[in-house]
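Read-outs throughout are calculated quantities, based only on the coordinates presented, and are distinct from any laboratory measurement. Please read these numbers as outputs of a predicted model, since none were measured by experiment. Please note: Cβ atoms are built from the backbone with ideal geometry, for glycine as well, and neighbour counts cover all protein chains shown.
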Amino acid sequence: MKVLVTGASGYIGSHACLELLRAGHEVVGFDNLSNSSQTSMDRVRGLARGPLRFEKLDLLDKPGLEKIMALGFDAVMHFAGLKAVGESVEKPDLYRRNNVDGSANLLAAMKTAGCRRLVFSSSCTVYGEVKKNPVDESHPRGAVNPYGRTKLDIEDMCFELARAEKGWRIALLRYFNPVGADAGGRIGEDPHGLPNNLMPFVMQTAVGRREKVRVFGADYPTPDGTGVRDYIHVTDLALGHIAALDRLDVFDGAEAVNLGAGRGYSVLEVIKAASKAAGKDIPYEISPRRPGDSAAIWADPTFAKKKLGWSAARGLGEMCADAWRWQRDNPEGYGA
Ligand SMILES: NC(=O)c1ccc[n+]([C@@H]2O[C@H](COP(=O)([O-])OP(=O)(O)OC[C@H]3O[C@@H](n4cnc5c(N)ncnc54)[C@H](O)[C@@H]3O)[C@@H](O)[C@H]2O)c1
């Protein structure tokens, strides 16, 4: 298939481009490079043979989107978006404009071009405050911050569009916590500024870029008191996208599917596994809970298995080993 990938040079987008090429697809990617480096695309080209074209383009550039969509695609994978929860609280308008308006522009350009097949990066954040674990797709949705609100709004836009017009096939993939890197150690997570997520923070500490990991809360009702999350290897996640692409025909309009491993690990378990992978103790300190964080959330991955024939295969040890290889070989990320 010929696939357009938005947010192609970002963390998950670059891994998806790599797996698309490995699966024999033709890829055109774009990104505005606000949170990524074009070097990731050069590295993907080095890891997989196959056609990969990259353009610098912004979701808010409507004529640019129409022009690129006119190249003709079988499907679109939509990763582009801002994702920092804290920043979204400070700049809700920016998040709405970039993520929601940007996605509306993309859908409009797809419609004009006659392409109605989409795989979208949603998130388990759409489950809001978790009522019970594991979380399946019927769990009530809610937004606990403006970032989460953008994911809800984009999902709703897709549901409404698919109800209103025949022919749309949309997979709303609700990711849990993607971590790790391609096993080759050439591409990985390289957030601009202070990492928002645990794993890059842990790895940047292991490599000496940060003094210690701050663990937010050790008094949760979990086995060791720290927060429990469902971590999924980014390669498993990318393969979940390929599975969704292959099965879009069996989607009934727009449908949501969890992409998670189906089990939770605590923050301290992650630090321990990362220390083992890095061969050194990673220093940490316990800090107060962060407002808005839940004690525990992990996925019920049953529907993904049924709908996509996909399940996560890589465990925490492999996630940490691959994340460490990337960080060790690229201590300053793509900036080195
Ligand atoms: N990483 C996670 O923990 C996680 C979890 C759930 C969902 N998601 C979603 O997955 C997607 C990819 O996340 P990621 O971790 O790869 O983040 P990322 O920041 O590495 O990638 C997103 C990319 O989108 C680009 N971008 C942002 N706004 C753009 C715009 N207006 N036009 C063009 N490009 C733009 C950025 O430059 C970046 O390269 C995002 O939509 C994110 O919300 C991520």
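Structure note, pairs K111/K151; K62/K111; K212/K276; K151/K212: Cα-Cα distances above 24 angstrom occur for K151/K212.
Computing FRET efficiency as 1/(1 + (r/R0)^6) for A295 and L71, where r is the C-beta to C-beta distance and R0 is 41 Å, gives about 0.30. Estimated at 0.36 nm per residue, the fully extended path between E26 and V250 surpasses their Cα-Cα distance by 78.4 nm.
Taking a sphere under 10 Å around the Cβ of L259 and counting the other residues whose Cβ falls inside, with K and R at +1 and D and E at -1, yields a net charge of -1. For the chain, the C-alpha radius of gyration divided by 2.2 N^0.38 Å, with N the number of residues, is 0.94. Calculated from the alpha-carbon coordinates, segment 188-336 shows an Rg and a Dmax of 16.8, 49 Å respectively. For the pair D224 and D93, the difference between a 0.36 nm per residue extended length and the Cα-Cα distance amounts to 43.4 nm. Please report the relative contact order for segment 171-243, taking Cα pairs under 8 Å with a sequence separation of at least 6, and give it as a percent rounded to a whole number. 39 percent.
Rounded if a/c is under 1.5, else prolate if a/b beats b/c, else oblate: with a ≥ b ≥ c from the C-alpha gyration tensor eigenvalues square-rooted, which is segment 195-237?
Since a/c reaches 1.5 but b/c is at least a/b, the shape of segment 195-237 is classed as oblate.
Placing unit charges on the Cβ atoms of the charged side chains and taking the dipole of the chain about its Cα centre, the candidate lying farthest along the positive direction among I187, V228, V89 is I187. Of all DSSP-defined beta bridges confined to the chain, some 5% are antiparallel rather than parallel. Measuring r between the beta carbons of L47 and E285 and using R0 = 56 Å, the FRET efficiency lands at 0.90. For segment 1-27 versus segment 99-156, the spacing of their alpha-carbon centroids is 20 Å. Here's the picture: a label point sits 7 Å out from the Cα of K306 along the beta-carbon direction, and within segment 113-157 the residues with their amide nitrogen under 17 Å of it are 134-140. Within segment 8-116, all pairs of alpha-carbon atoms sorted by distance into 5 Å bins from zero give the percentages 2, 12, 22, 22, 20, 14, 6, 2, 0. With a ≥ b ≥ c taken as the square roots of the eigenvalues of the C-alpha gyration tensor of segment 286-336, please select rounded if a/c is under 1.5 and otherwise prolate if a/b is larger than b/c or oblate if it is not? It comes out oblate by the Cα gyration axes. For segment 1-105, the relative contact order is 32 percent, taking Cα pairs closer than 8 Å that sit 6 or more residues apart in sequence and dividing their mean separation by the residue count.
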